[in-house]
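What follows is a set of notes on a single structure, which appears directly below.
The values are calculated or read from the model by the stated rules, or taken from the named source; none is laboratory data. None of the values given here were measured: they were computed from a predicted structure. Note: ideal-geometry Cβ built from the backbone for every residue, glycine included; neighbour counts use all protein chains shown. Heads up: the accessible areas ignore ligands, DNA and RNA and are worked out on the full protein's heavy atoms, side chains in. Shrake-Rupley method; radii C 1.70, N 1.55, O 1.52, S 1.80 Å.
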Amino acid sequence: MVSLDQLSELMRSAGVDVEHPIARTQLSNFTSLAQGLAIINERAGHAAEVPAANGIGNARSIARLYAAHLGEVDGFRVLRPETIEAARIPLTDNLSAPPPLDVLPADYPLRFGLGYELSRAGNVMLGETSFGHAGAGGRLALC
């Protein structure tokens with residue numbers, strides 16, 4: 001894993017002013033993420049309720065959740081078909097990072113629709129119309 005000092009130096013060498021508030025926030029998030037990932041597989045990490053994070057499940061339950069996005073599973077469906085189509089519309093294409101992070105290379109920029117990560121060159125998922133999220137540590141959940 002890359003250290004905070006290594007990341008700071010990498011950003012600095014790419015021309016980022018690491019003292020800029022946005023850069024400092026990114027570096028702070030890096031530290032927080034590393035600390036958060038350290039407890040994610042502990043009981044306290046599983047018991048925590050963190051909005052927009054720590055969606056924890058086994059492969060079967062995550063597969064059932066995403067299957068329920070596309071159709072009924074045991075009488076339950078997460079999204080209507082028209083909502084799925086709206087979720088697949090790219091909303092972040094052609095957006096650049098805010099200064100001073102805009103000087104960093106973005107060969108495979110993230111793509112998002114309505115709350116879901118979309119297929120991109122660096123992560124093709126199941127094809128152009130798939131959506132989901134790569135998750136922390138590379139655990140995929142997608143439709």
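Solvent-accessible area per residue in the chain equals 69 Å², computed with a 1.4 angstrom probe and all protein chains kept. To the nearest µm²/s, what D does Stokes-Einstein give for region 88-131 at 10 °C and 1.306 mPa s, using the Kirkwood radius over alpha carbon pairs as Rh? Estimated diffusion coefficient is 143 µm²/s.
Calculated from DSSP H runs of 4 or more alone, at -39500 (n - 2.57) each and per residue, what is the 222 nm mean residue ellipticity of the chain, nearest 500?
-11000 deg cm²/dmol
Computed in the context of the full set of protein chains, the accessible area of region 1-111 at 1.4 Å probe radius has 57% of its extent on carbon or sulfur.
Taking one quarter of the surface of the C-alpha convex hull of the chain gives a mean projected area of 10.1 nm².
Could you check the spin-label model distance between ALA14 and ARG64? Points 7 Å from the Cα along Cα→Cβ, value in nm. For the pair ALA14/ARG64, the computed spacing is 4.1 nm. The Cβ shell under 15 Å around PRO81 holds other residues with a net charge of 0, Lys and Arg each +1, Asp and Glu each -1.
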